[in-house]
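We did not get these values from a lab; they are worked out from the coordinates using the rules stated. What you see is a predicted model, and the numbers here were worked out from it, not measured in a lab. So basically every Cβ, Gly included, is an ideal-geometry build from the backbone, and we count neighbours across all protein chains shown.
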Amino acid sequence: MEEEIGFLGLGIMGKAMSMNLLRHGFKLTVWNRSLSKCDELREHGASVAETPAAVVKKCKYTIAMLSDPSAALSVVFDKDGVLEQICSGKGYIDMSTVDADTSTKISEAITSKGGHFLEAPVSGSKKPAEDGQLIILAAGVKSLYEEALPAFDVMGKKSFFLGEVGNGARMKLVVNMIMGSMMNAFSEGLVLADKSGLDPQTLLNVLELGAVGNPMFKLKGPTMIQKNYSPVFPLKHQQKDMRLALALGDENAVSMPVAAAANEAFKKARGMGLGDLDFSAVCEAVGFRPS
Ligand code: NAP
């Protein structure tokens, strides 16, 4: 593959996605706010640039995978940001989970400079990112989507093109709102089993055999019982997604009492200092403390 792709943001997801692209022969120029996180990528053949603008200058299109709306905006609008170099013939693809308003702001700014914009948040976590098994929820400029398909095919098992900018962001928030609510119901189930004298592991065995079982419970249940919350999907990001999904509900007059309660539990967990741990640590806030 000849074309050089830019990659901004080498956190849990960005690192896994960019390593996967390198493994599949893509040429990458990467940047991360804490530059030391670029070292490992450099060892695997990536070029490193010192600013987002320098990445965009070099590459036909640039992918970003950043924590939240404020990070996504900062990387585009701040000094040495994407906007300084984006121009006609270049594309910018933001794969971060943000709200539709943030994405639209970025889209308008990129478009005003003649560039093409695509939002492409992903469903799936660290392991699917490493294995190229993400689900990509793209929206924006169709020709950029088509141009990026070879990279999407490596990063994901399926890509959806959802039309206008905002639809990808909204779809992602709906999915993560459901996930956050499910994690809370699961946590309450673990507490209830434990406190009422049942073995939580037996609960997992029972759940797995029935219709209520799902890959997330199967994956997270055993580590939650072991109190292993090493971050795969940081809790602070799950709470950000609940907050943004609730705002979307507000905008559309959709009552979401279950999601609102789940958001409170994630907020409580953040207040307990669990924000940087995996989102499954919310079970501690719900009261699951197996001995
Ligand atoms: P992460 O490990 O916390 O990484 C966040 C990245 O954003 C880091 O590269 C960080 O740079 C950068 N960043 C934060 N604030 C910044 C700022 N103001 N300016 C520039 N860069 C900034 O998060 P992650 O788990 O990779 O998640 C990234 C995005 O994907 C989030 O939107 C998340 O909701 C979404 N997502 C995550 C998962 C998952 O399972 N982890 C799954 C699907 C979607 P530093 O290294 O300098 O801090």
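What number, rounded to the nearest 500 deg cm²/dmol, is the helix-based mean residue ellipticity at 222 nm of the chain, given -39500 (n - 2.57) per DSSP H run of at least four residues and division by all its residues?
On the way: 13 runs with 153 residues, N = 291.
Roughly -16000 deg cm²/dmol at 222 nm, from the helical runs in the chain.
Find which of S18, Y61, Q85 sits farthest along the positive direction of the dipole of the chain, computed with +1 on the beta-carbon of Lys and Arg, -1 on that of Asp and Glu, about the Cα centre.
Sorting the options by dipole projection puts first S18.
Of the chain, which part is the longest with no GluC sites (Glu not before Pro) in a loop (DSSP not H, G, I, E, B) and with at most 16 other C-beta atoms within 10 angstrom?
Of all site-free stretches, the longest is 165-291.
What size of dipole, in debye to the nearest 20, comes out for the chain about its Cα centre when the only charges are +1 on Lys and Arg C-beta atoms and -1 on Asp and Glu C-beta atoms?
The dipole magnitude comes to about 300 debye.
Once phi is turned into θ = phi - 60°, what whole-Hz ³J(HN,Hα) does the Karplus curve with 6.51, -1.76 and 1.60 give for every residue of region 137-153, x standing for Gly and Pro?
10, 8, 7, x, 7, 4, 5, 6, 4, 5, 5, 8, 4, x, 6, 4, 5
Which percent, nearest 5, of DSSP beta bridges in region 4-163 are antiparallel?
15 percent
For a quick check: with amide H placed at 1.01 Å from N, whose amide H comes under 5 Å from E4's, ignoring anything fewer than 5 positions away on the same chain?
K60
Report for the chain the percent antiparallel among DSSP-assigned beta bridges with both residues inside it, nearest 5.
Antiparallel bridges: around 15 percent, rounded to the nearest 5.
Given a Förster radius of 22 Å and the C-beta distance between A261 and S196 as r, what FRET efficiency does 1/(1 + (r/R0)^6) yield to the nearest 0.05?
That pair, A261 with S196, gives E of 0.55.
Would you mind getting me the FRET efficiency between E50 and L219? Use the beta-carbon distance for r and R0 = 51 Å, nearest 0.05.
Rounded to the nearest 0.05, the efficiency is 0.85.
Dipole size in debye (nearest 20) for region 4-163 around its Cα centre, Lys and Arg Cβ +1, Asp and Glu Cβ -1?
280 debye
Between D78 and E251, take the C-beta separation as r, use R0 = 30 Å, and let me know the FRET efficiency to the nearest 0.05. Before the final figure, lay out the partial values.
Numbers: r = 27 Å, r/R0 = 0.91.
Calculated transfer efficiency: 0.65.
Pairs K195/K220; K27/K60; K157/K227: which are spaced more than 23 Å apart, C-alpha to C-alpha?
K157/K227
Can you tell me the 0 to 90 degree angle between the C-alpha axis of helix 257-271 and the longest principal axis of the chain, rounded to 10?
Once rounded, the angle reads 80 degrees.
Size of region 4-163 along its principal axes in angstrom, Cα-based, largest extent first?
35, 33, 26
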